[in-house]
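The values are calculated or read from the model by the stated rules, or taken from the named source; none is laboratory data. The shown structure was predicted, so the numbers you read here are calculated from the model rather than taken from an experiment. All Cβ positions, even for glycine, are placed from backbone atoms using ideal geometry, and neighbour counts span all protein chains on display. Heads up: the accessible areas ignore ligands, DNA and RNA and are worked out on the full protein's heavy atoms, side chains in. Shrake-Rupley method; radii C 1.70, N 1.55, O 1.52, S 1.80 Å.
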Amino acid sequence: MADPNRSVLYAVSEMGNAGDRIGDVLSFAIDLAQGTLAPLSSMPSGGSGPTHLTLDAEARSVFVANFGGGQVAVLPVSPDGALQPVCSSRVGTGSGPHRRQKGPHAHGVTLDPSGRFLLAPDMGADRIFIYPYDPQSQLLGDDPSLHVAVPAGAGPRLLLFGKDGRFAYLLTELSAHILTFGWAAETGTLTPLGTLSLDPPQHEGEPNAAGFTISRDGRFLYATNRRTHTIHAFAIDSDDGRLTPIQTIAAGGDKPWALEISPTGRWMLAANQASDEVRLFKRDAASGQLAAMPDALSIAAPTSFAFVPARA
């Protein structure tokens, strides 16, 4: 993830997904002239198998989800972008009916638009853990009444907020659904509004969703389906948050993982992890439709993107 205020990139090591070792969070200084990275810092992630991270608006804190042990943690950030040791952490509890749900597996971390709640979808516990957050002390609280259960076996993976913060969208890995919620920032509560499946009712093979993103104007949502190697596009209703399917297009490779829209909104990148390539799509900002381009970049097991803003 790129720092919005400094030429710094943050990443996770994703070591220890089986819960057998502590992973790391890393920061890198970006040379904007050359496009190169230089190691800046590395800190233990506060758990095993770090898999996802996010920053607060001021880039004072990095939040990390540790898949292996179910922990979420906060690492303070120094003025130069160097990471400091974990200052606060929480761990989820629970399990699910799927063979991959024997215990908690925190898969994502998302700070709400107010900056006062950290939402952590947990693939193993079938829950969204919602932790109050104090930006001044950088400490996570815990109010069990805020946590939200999802259907058994769904496997929550990632959560995004719509542009105005009134709606939140949850992508489930094991059931390949997108769940829509209303969000009350005053109380830190989610209200279920609807569920949409990426797969048709009768389909072959296990559901397997991976990543999603929302356009900067908040009008469109895109999600990847690793079962069918496709990208699904949806229009977002600004009044009620409802999703309407508008397109399904081949990802151009195997097991698409993450998606990212360019800052101009004209292009989208898709990380096809199993076929070791990044594919380019042209995007119509008005309709939300995608068109596959012939361009491809060979990269071993790509999983995510970060666009870095140019600075004077």
>> So R283 ticks every box in (1) farther than 27 Å from G162 by Cβ; (2) crowded, with 20+ Cβ neighbours inside 10 Å but one. Which box is left unticked?
In response: (1)
>> Can you tell me how many residues within the stretch 277-312 are in contact with a Pro (Cβ under 7 Å, 6 or more places away or on another chain) and among the β-branched types (V, I, T)?
In response: 1
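Residues A38, A11, A73, A29: which one is of a type in the set (G, A, S), in contact with a Ser or Thr (Cβ under 6 Å, 6 or more places away or on another chain) and in a strand (DSSP E or B)?
Details: A38 fails: in contact with a Ser or Thr (Cβ under 6 Å, 6 or more places away or on another chain); A11 fails: in contact with a Ser or Thr (Cβ under 6 Å, 6 or more places away or on another chain); A29 fails: in contact with a Ser or Thr (Cβ under 6 Å, 6 or more places away or on another chain).
Going through A38, A11, A73, A29 in turn, the sole match is A73.
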> Give me the pairs: first residue in the stretch 242-255 and surrounded by 13 or more Cβ atoms within 10 Å (Cβ to Cβ), second residue among the small types (G, A, S) and not in a strand (DSSP E or B), beta-carbon distance under 7 Å, and six or more apart or on different chains, which are they?
Replying inline: I246/G288; G253/S275; D254/A274; D254/S275; K255/A274
> Could you list, in sequence order, the residues of the stretch 137-180 that are hydroxyl-bearing (S, T, Y) and part of a strand (DSSP E or B)?
Replying inline: Y169, T172, T180
>> Against the definition (surrounded by fewer than 17 Cβ atoms within 10 Å (Cβ to Cβ), in contact with a strand residue (DSSP E or B) (Cβ under 8 Å, 6 or more places away or on another chain) and not β-branched (V, I, T)), how does P144 come out, yes or no?
In response: no
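Restricting the search to the stretch 289-312, which residues are surrounded by fewer than 20 Cβ atoms within 10 Å (Cβ to Cβ), within 22 Å of L158 (Cβ to Cβ) and not β-branched (V, I, T)? Break it down stepwise before answering.
The first filter runs over the stretch 289-312 and keeps only residues surrounded by fewer than 20 Cβ atoms within 10 Å (Cβ to Cβ), leaving 289, 291-301, 303-304, 306-312.
In the following step, the residues that additionally are within 22 Å of L158 (Cβ to Cβ) were identified as 299, 301, 303-304, 306-308.
Those that are surrounded by fewer than 20 Cβ atoms within 10 Å (Cβ to Cβ), within 22 Å of L158 (Cβ to Cβ) and not β-branched (V, I, T): A301, S304, A306, F307.
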>> Is it the case, given these coordinates, that T195 is in contact with a strand residue (DSSP E or B) (Cβ under 6 Å, 6 or more places away or on another chain), more than 16 Å from S238 (Cβ to Cβ) and either open to solvent by 10 Å² or more (accessible area, probe 1.4 Å) or at pLDDT below 95 (or both)?
In response: yes
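What strands (runs of 3 or more DSSP E) lie completely within the stretch 219-261 and have 2 or more residues being among the β-branched types (V, I, T) and at pLDDT 95 or above?
Numbers: elements: 220-225, 230-236, 243-250, 256-261.
Hits in the stretch 219-261: 230-236, 243-250.
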